[in-house]
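Only one structure is covered here, and it is reproduced in the block below.
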Amino acid sequence: MVTSNDSKGAAAATATEPEQEPGKAVATEPVEVDLLIIGAGPAGLYAAYYAGFRGLRVAIMDSLPEAGGQVTALYPEKLIFDVAGFPAIKGQALIDNLVEQASPFDPLYLLNHRAEEMDRDEAGGTITVTSHRDTRVLCKSVIITGGIGTFTPRPLPDAEEFEGRGLRYFVPRLDELAGLDVLIVGGGDSAFDWAQSLEPLSKSVTLIHRRDRFRAHEHTVSQVMDSSVQVLTFTEVARIQGHDGVQTVELFNNRTDERRTIEVQAVVAALGFTADLGPLTRWGLTQHKRHIVVDTAMHTNLPRVFAAGDIAEYEGKVRLISVGFGEAATAVNNAAIVVDPAAKLFPGHSSDPG
Ligand SMILES: Cc1cc2nc3c(=O)[nH]c(=O)nc-3n(C[C@H](O)[C@H](O)[C@H](O)COP(=O)(O)OP(=O)(O)OC[C@H]3O[C@@H](n4cnc5c(N)ncnc54)[C@H](O)[C@@H]3O)c2cc1C
């Protein structure tokens, strides 16, 4: 989907709206911007704000249908304690704030687009990045904030037809499941965090796991066990049924083959994610242990191409959100003088009168 945020209030919803027409190319003409950011995790979202502050037209591309990177995908409900200025903030609230912070500058969100090819026209000073859906972005500079790479949810087998129709892999907004009967599949932190958070809101919550051992925080597991959440071990999905959406799910016990059917309107598959640097490894970037090597300006070995956040590598690197924010600001300010050589590196203060 190609979306542009046109109001502060709509920013979060627009940026995270799921794909409407999977697999369909959405733009035949290239999208033209000054700066393309690849990766809409915390570093990429902050880079989008900073690029807007610098007066750059910016597009931000992510292979996932939601902005937020690891935070939204893996721990939206967890409290984060080490982001400067926030004594404690829930993961999704941090992401919503980042989206809101960037929204006055109207970044163009290209969600559900995996950056696949990069062609550099060094004479013309332009770069064209093409997504796996053939959307082309023509820009003067690129910042790669790809984290640990393309992040793909492990799919629930044979359930593709229900994706977006009751089956989901993320729960960035819990209230979407308020009042529903919810089945959560998985035995890790995400499964238990969502079970715990949904329990007061949803009509009922059932959590199934194919084993009897969980990979979640012990304290959360015991809290869920003591709540109204029904936890079924050695249990898997046999099939989902429904016409317009999920209506019932047949479950089976993988030791006894005992079957039961439960009525649910929502299935949350929390089966983990696979991460793959994939296309980025083919662009001629200098890499070190699956990361992209940058200098102190966050410049990669390729002209006009920068990197920031978890994916960027240099001696002494610490992979934290707060570090990614600083790197994003450095990368954008250095990209700004690549886009316009007459521009200054130092952006001035955001608090200076405009
Ligand atoms: C369980 C857990 C708890 C954590 N807790 C903390 C904490 O308390 N404090 C802290 O500071 N850090 C914490 N972290 C680490 C923190 O989440 C990461 O440092 C941060 O998310 C990195 O941000 P990023 O923007 O660099 O990358 P990411 O968040 O990984 O986002 C990268 C984005 O790039 C996209 N992408 C990659 N390749 C492509 C491509 N080719 N095309 C399009 N899109 C692409 C991915 O889909 C992804 O959305 C935690 C991590 C985990 C897993």
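The values are calculated or read from the model by the stated rules, or taken from the named source; none is laboratory data. No experiment lies behind these values; they were computed from the predicted model shown. Quick reminder, even Gly has a Cβ in these numbers, built from the backbone with ideal geometry, and neighbours come from all protein chains shown.
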Exercise. Which one is nearest to Ala43 (Cα to Cα), of the residues in region 135-154 that are surrounded by fewer than 22 Cβ atoms within 10 Å (Cβ to Cβ) and at pLDDT 95 or above?
Worked result: Lys140
Exercise. Quick check, is Ile95 part of a strand (DSSP E or B) and more than 9 Å from the ligand (Cβ to nearest atom)?
Worked result: no
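Only strands (runs of 3 or more DSSP E) wholly contained in region 221-337 count here; list those with 1 or more residues that are within 16 Å of the ligand (Cβ to nearest atom) and either of a type outside the set (Val, Ile, Thr) or over 30 Å from Arg210 (Cβ atoms) (or both). Break it down into steps so the answer makes sense when it comes.
Numbers: elements: 230-232, 235-241, 248-253, 259-263, 266-269, 273-276, 291-293, 305-307.
The strands (runs of 3 or more DSSP E) meeting that bar are 273-276, 291-293, 305-307.
Considering only region 138-207, give the strands (runs of 3 or more DSSP E) lying wholly within it that have at least 3 residues that are closer than 16 Å to Ala73 by Cα. So that I can check it myself, show each step before the final result.
Numbers: elements: 141-144, 150-153, 181-185.
Those strands (runs of 3 or more DSSP E) span 150-153.
Rundown of residues vs (1) among the polar types (S, T, N, Q); (2) modelled with pLDDT of 95 or more; (3) buried (at least 23 other Cβ atoms within 10 Å of the Cβ), yes/no style:
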| position | (1), (2), (3) |
| --- | --- |
| Ser7 | yes, no, no |
| Ala15 | no, no, yes |
| Pro22 | no, no, no |
| Glu32 | no, yes, no |
| Gly39 | no, yes, yes |
| Ser63 | yes, no, yes |
| Tyr75 | no, no, no |
| Glu100 | no, yes, no |
| Glu116 | no, yes, no |
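Of all residues in region 119-151, which are among the aliphatic types (A, V, I, L, M), within 18 Å of Asn301 (Cα to Cα) and more than 10 Å from the ligand (Cβ to nearest atom)? Spell out the reasoning first.
From region 119-151, those among the aliphatic types (A, V, I, L, M) are 123, 127, 129, 137-138, 142-144, 148; that's our starting set.
Adding the requirement that they be within 18 Å of Asn301 (Cα to Cα) leaves 123, 127, 129, 142-144.
Matches in region 119-151: Ala123, Ile127, Val142, Ile143.
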Exercise. Within region 195-203, can one find any residue that is touching a Phe, Trp or Tyr at 6+ places or on another chain (Cβ under 9 Å) and surrounded by 23 or more Cβ atoms within 10 Å (Cβ to Cβ)?
Worked result: no
For this session: Determine if region 252-268 includes at least one residue that is touching a Leu at 6+ places or on another chain (Cβ under 9 Å), among the hydrophobic types (A, V, I, L, M, F, W, C) and more than 20 Å from Leu201 (Cβ to Cβ).
Result: no
Problem set entry | Unique match (being assigned by TED's automatic domain parsing to the domain that holds Ser141 and touching a strand residue (DSSP E or B) at 6+ places or on another chain (Cβ under 9 Å)) among Gly309, Gly316 | Gly309
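Name the residue that is farthest from Gly69 (Cα to Cα), counting only residues in region 330-354 that are surrounded by fewer than 18 Cβ atoms within 10 Å (Cβ to Cβ) and small (Gly, Ala, Ser). I'd like the intermediate steps shown before the answer.
From region 330-354, those surrounded by fewer than 18 Cβ atoms within 10 Å (Cβ to Cβ) are 337, 340-354; that's our starting set.
From the residues that got through so far, the ones that are small (Gly, Ala, Ser) too are 342-343, 348, 350-351, 354.
On the way: Ala342: 34, Ala343: 31, Gly348: 29, Ser350: 26, Ser351: 29, Gly354: 32 Å.
Once the filter is applied, the top-ranked residue is Ala342.
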Exercise. Taking region 211-237, which residues are at pLDDT 95 or above and surrounded by 15 or more Cβ atoms within 10 Å (Cβ to Cβ)?
Worked result: Phe214, Val221, Gln223, Val224, Val229, Val231, Leu232, Thr233, Phe234, Thr235, Glu236, Val237
